[in-house]
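Here's the structure we're looking at; comments come further down.
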Amino acid sequence: MVNGRWVVWDSKHQTLDEKALTAALYAELVKQDKIELLQRRKVSQTLATYLRDFYAQWD
């Protein structure tokens, strides 16, 4: 309850259209370039390794 108004009731959000939200999210996700995402993932994983090593030296 927020400000005297039920926001979630019986495990369902009362103010969001969950189906519309899910459909909009799906529409955005299918636009993503899968090859580019895989490349970014590899770069992120490599960078994460260096960042962990860098910050581990702070202890």
Task: Residues located in region 1-18, provided they are part of a loop (DSSP other than H, G, I, E, B), exposed (fewer than 10 other Cβ atoms within 10 Å of the Cβ) and of a type outside the set (S, T, N, Q) - done: 1, 4, 10
- [ ] Take residue 42 and decide whether it is in a loop (DSSP other than H, G, I, E, B) and modelled with pLDDT of 90 or more.
- [x] no
Task: Qualifying positions in region 24-33 - more than 21 Å from residue 7 (Cβ to Cβ) and in a helix (DSSP H, G or I) - done: 26, 27, 28, 29
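Does region 24-41 hold any residues that are among the charged types (D, E, K, R) and surrounded by 10 or more Cβ atoms within 10 Å (Cβ to Cβ), and which are they? Break it down into steps so the answer makes sense when it comes.
Applying the first criterion (among the charged types (D, E, K, R)) to region 24-41 yields 28, 31, 33-34, 36, 40-41.
The answer is 40, 41.
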Task: For residue 11: the one exception among (1) more than 23 Å from the chain's Cα centre (by Cα); (2) at positive phi - done: (1)
Task: Meets criteria (modelled with pLDDT under 95, surrounded by 10 or more Cβ atoms within 10 Å (Cβ to Cβ), among the hydrophobic types (A, V, I, L, M, F, W, C) and in a loop (DSSP other than H, G, I, E, B)) for residue 21 - done: no
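The values are calculated or read from the model by the stated rules, or taken from the named source; none is laboratory data. Just so you know, these numbers come straight off a predicted model, no measurement behind them. All Cβ positions, even for glycine, are placed from backbone atoms using ideal geometry, and neighbour counts span all protein chains on display.
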